Amino acid sequence: MKKIFAALLALTLMLSMTSVFAEGKTYTIGVSQFAVHGSLDNCFEGFKLGLAEEGFVEGENVVFDFENSNADTGIAAQIADKFVNANVDLICAIATPSAMSAFNAAQDRNIPVIYTAVSDPVAAQLAGTDGTNPGEVTGTSDALPVEAQLRLIRALQPEATKIGILHTTSETNSDSSLETYRQLAPNYGFEIIDKGISTGADIPLALEALLPLVDCTTNLTDNTVVQSLPVVLELSAVAGKPVYGSEIEQVKLGCIASEGIEYVELGRQTGHIAARVLRGESAATIPFELIENSLLYINEEALAQFGITVPEELLARAITVTAD
Amino acid sequence: MLLSILEQGLIYGILALGLLITYRILDFPDLTVDSSFPLGAAVSAVLTVRGMAPVWTLFFAVLAGCLAGLITGLIHVKCHVRDLLSGIITMTGLYSINLNIAGKANVPLFGGDTLFKNPFTRAFPAFLAPYATLLIILVITLIAKLLLDWFLSTKAGFLLRAAGDNPSVVTTLAQDQGRVKILGLMIANALVALSGAVMCQQQRYFDISMGTGAMVIGLASVIIGTNIFRSLRFMRSTTMALIGSVLYKASVAIALQLGLDASFMKLITAVLFLIILVISQFRPKKVRLHV
């Protein structure tokens, strides 16, 4: 009996030593990504980058266990359970359903969950309305820089009054972005006219109904609409209504301009938060962050097509992109 | 890991009980499942948010599932639409209804009490606390299973079994075969909705995409269960379906543990499916399934 106690004591001592001398420790980070998607992939790239900048380098002192649930919430839950059972040091959850599953599984075990690409952490109850966190959970939001986008549209189309927005009724991200647009649009003299769709197949008909009513359209980060962007661009070109994008990839495809966020950058910011948590800070006390600066992307070919010129002051900071 | 496999397996086990009725007993390929699963979840989530005690929301979820089954049944029996198509019609329509019930595509329940996190479970002694969720799931699943076992042993249950095996028996007994089918669909979808509601309470959010592939999971569970244990005559098929569901979830967990890419998950399911079906064909066939 005494021997067992002694062995246990030694073991506890050793364990406490390793946590004191965290220098030599290897951290395991479970990464749960909700779907295969360019922007989400970029988040993970940025996340690794951000951690590496803080001295947490993959292959040296960090091991990533990456899982993708392919848009299946049941699998997302099992992935979260797997990470919790493996007692990882931290879970990085990319996109809302993954973040919710991870928090649900990890909450009682005090494994910190760092999320990214969650458009509205408050609506998802991953953050309180007063900015506090419900537990060891924090991260970054990819809420659109709506204000900047509205200023952009005002600058490029001084005469415009009505902005059209196409959105999928089953995407929560779109709901909250649309709500923000509705609230802020009057400040810039705009009215928002929206059309909801349920599948990509509805896009042509919805656009035909929407385009005659508006001066231009602007995209959200709506997955269904973005996937069908070529259709949107073609029909809008025929109707002579420019399309504004919500991120760089859309401008490459032919949207005239976008005040967008860059997902690698978002991931990097998330990586910095994760590093603070790995060093011992409590995730519960770190408020979630929005991306600080939006970047202006323009597509000159598309601008010329609609005869729109970019004012000097905007041109100075604009990044010109073309189709890959 | 075992704990979460059992939790998930038993929750989806209720779904498998529903599919046991439609697929195995009625021989009805019912696609309603893909939307009656999130229907139960939506009803449960919304009522919980509105302040109803989580356990009561389960009854309303069951009721909603009954209605979904009734609609598919009526479309099939009264409008003479083929079985597969009537399920697809209800599934498609319910998608919109689910969205409107929930109000949005994703409803979180992190804020308040749920079926598994409430004053009652918090009062569990410390050594039991990690198993609280599993215990509650076990109780609900067993109630569902025992009720179904009881029902299948009644006269109505006998008619239900006859409707799938040998429809002329039902007609001989001067009973309307259509009504029996509708009843079966209602019970099946009630179970599926209950499963969705419990799942939503456990994962603490409703998501409109929850139902994607629910039918395949249920079907795989029923086929795995009934084929592995088909030679055990003393075992009820409801038990087989429950074990099948746990085995299915275990295989997903093992695949994840082995580091298999989750993007191959559906392919693995399909192959597993096929292997079990093919193997079961080499065994001597039983004339009747012991229900």
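The values are calculated or read from the model by the stated rules, or taken from the named source; none is laboratory data. Bear in mind that the values here come from a model prediction, so they are computed numbers and not experimental data. FYI the Cβ positions are ideal-geometry reconstructions off the backbone, even for glycines, and counts take in every protein chain you see. SASA here: full protein model, heavy atoms, side chains in, ligands and nucleic acids out. Shrake-Rupley method; radii C 1.70, N 1.55, O 1.52, S 1.80 Å.
Between segment A:104-127 and segment A:21-69, the C-alpha centres lie 17 angstrom from each other. Qualifying GluC sites (Glu not before Pro) in segment A:284-315, where qualification requires a DSSP coil assignment and no more than 13 other C-beta atoms within 10 Å, comprise A:E292. Ignoring ligands, DNA and RNA and using a 1.4 Å probe, state the total buried accessible area between A and B in Å², rounded to the nearest 100. Adding both sides of the contact gives about 2600 Å². Rounded to 0.05, the FRET efficiency of the A:L49 and A:E208 pair, given R0 = 30 Å and the Cβ-Cβ distance, is 0.10.
Beta carbons within 10 angstrom, averaged per residue: use that to sort the peptides A:30-40, B:129-139, highest first.
My ranking of the peptides, most packed first, is A:30-40, B:129-139.
Peptide A:170-183 has a mean of 2 when you count, residue by residue, the C-beta atoms of other protein chains within 10 Å of its C-beta. With Cα atoms defining each centre, segment A:175-189 and segment A:204-282 are spaced 16 Å apart in the structure. Under 5 Å from the amide H of A:I193 lie the amide H atoms of A:I163, A:G164, A:I165, each residue being 5 or more positions distant or on a separate chain, with H modelled from the backbone and absent for Pro and chain starts.
For B:R204, B:R122, what's the largest-to-smallest order of accessible area, 1.4 Å probe?
Working: B:R204 10, B:R122 155 Å².
Greatest to least solvent exposure: B:R122, B:R204.
Within the same chain, aspartates and glutamates fewer than 8 places from A:K48 are excluded, and of the rest, those with a Cα less than 14 Å from its Cα are A:E58, A:E60, A:D65, A:E265. Using the Cβ-Cβ distance between B:F264 and B:M235 with R0 = 25 Å, the FRET efficiency computed as 1/(1 + (r/R0)^6) comes to roughly 0.20. Note on segment B:236-282 and segment B:51-101: Cα centroid distance 27 Å, given to the nearest whole angstrom. Of the DSSP beta bridges with both residues in chain A, give the percent that are antiparallel, rounding to the nearest 5. Of those bridges, close to 10 percent are antiparallel. Note on chain A: with a GNM built from Cα contacts shorter than 10 Å, the maximum mean-square fluctuation among A:L296, A:L205, A:L90 falls on A:L205. DSSP assigns beta bridges within the protein assembly as shown; of those with both partners inside it, close to 15 percent run antiparallel.
Protein heavy-atom accessible surface, 1.4 Å probe, per residue over chain B: 44 Å².
Order B:241-251, B:158-168 from most to least packed using the mean count of other Cβ atoms within 10 Å.
Details: B:241-251: 23.8, B:158-168: 17.4.
Packing order, densest peptide first, comes out as B:241-251, B:158-168.
Enumerate the helices in chain B for which the Kyte-Doolittle hydropathy averages 1.6 or more and the C-alpha atoms extend at least 30 Å along the helix's axis, using complete DSSP H runs.
Details: long enough: B:54-77 (34 Å, 1.91); B:132-153 (32 Å, 2.20); B:177-203 (39 Å, 0.83).
For chain B, where a helix must reach 30 Å along its axis and average at least 1.6, the hits are B:54-77, B:132-153.
What residues in segment A:65-108 lose 40 Å² or more of accessible surface when the other protein chains are added to their chain alone (1.4 Å probe)? Residues passing the criterion (a loss of at least 40 Å², heavy atoms only) are A:E67, A:N70, A:D72, A:T73, A:I75, A:Q78, A:D81, A:K82, A:N85, A:M100, A:N104.
Taking all protein chains into account, the per residue accessible area for segment A:131-206 stands at 38 Å² (1.4 Å probe).
Note on the protein assembly as shown: with neighbouring protein chains present and a 1.4 Å probe, carbon and sulfur make up 63 percent of its accessible heavy-atom surface.
For chain B, averaging the sequence separation of C-alpha pairs within contact (under 8 Å, six or more residues apart) and dividing by the residue count gives a relative contact order of 36 percent.
Anything over 32 Å Cα to Cα? Flag those among A:K82/A:K195; B:K145/B:K266; A:K25/B:K117, in the order listed.
Values: A:K82/A:K195 40 Å; B:K145/B:K266 28 Å; A:K25/B:K117 35 Å.
Long pairs (Cα-Cα over 32 Å): A:K82/A:K195; A:K25/B:K117.
In peptide B:246-258, how many Cβ atoms from other protein chains are near each Cβ within 10 Å, on average? It would help to have the intermediate numbers written out before the result.
Working: counts 0, 0, 0, 2, 0, 0, 6, 5, 0, 2, 9, 3, 0.
Mean partner shielding for this stretch: 2.
Of B:F229, B:F234, the residue with the largest accessible area leads and the full order is B:F234, B:F229 (1.4 Å probe).
Rank by packing, highest mean first: peptides A:117-130, A:222-235, with packing defined as the count of other Cβ atoms within 10 Å averaged across residues.
Values: A:117-130: 19.9, A:222-235: 18.4.
Ranked by mean Cβ neighbours within 10 Å, highest first: A:117-130, A:222-235.
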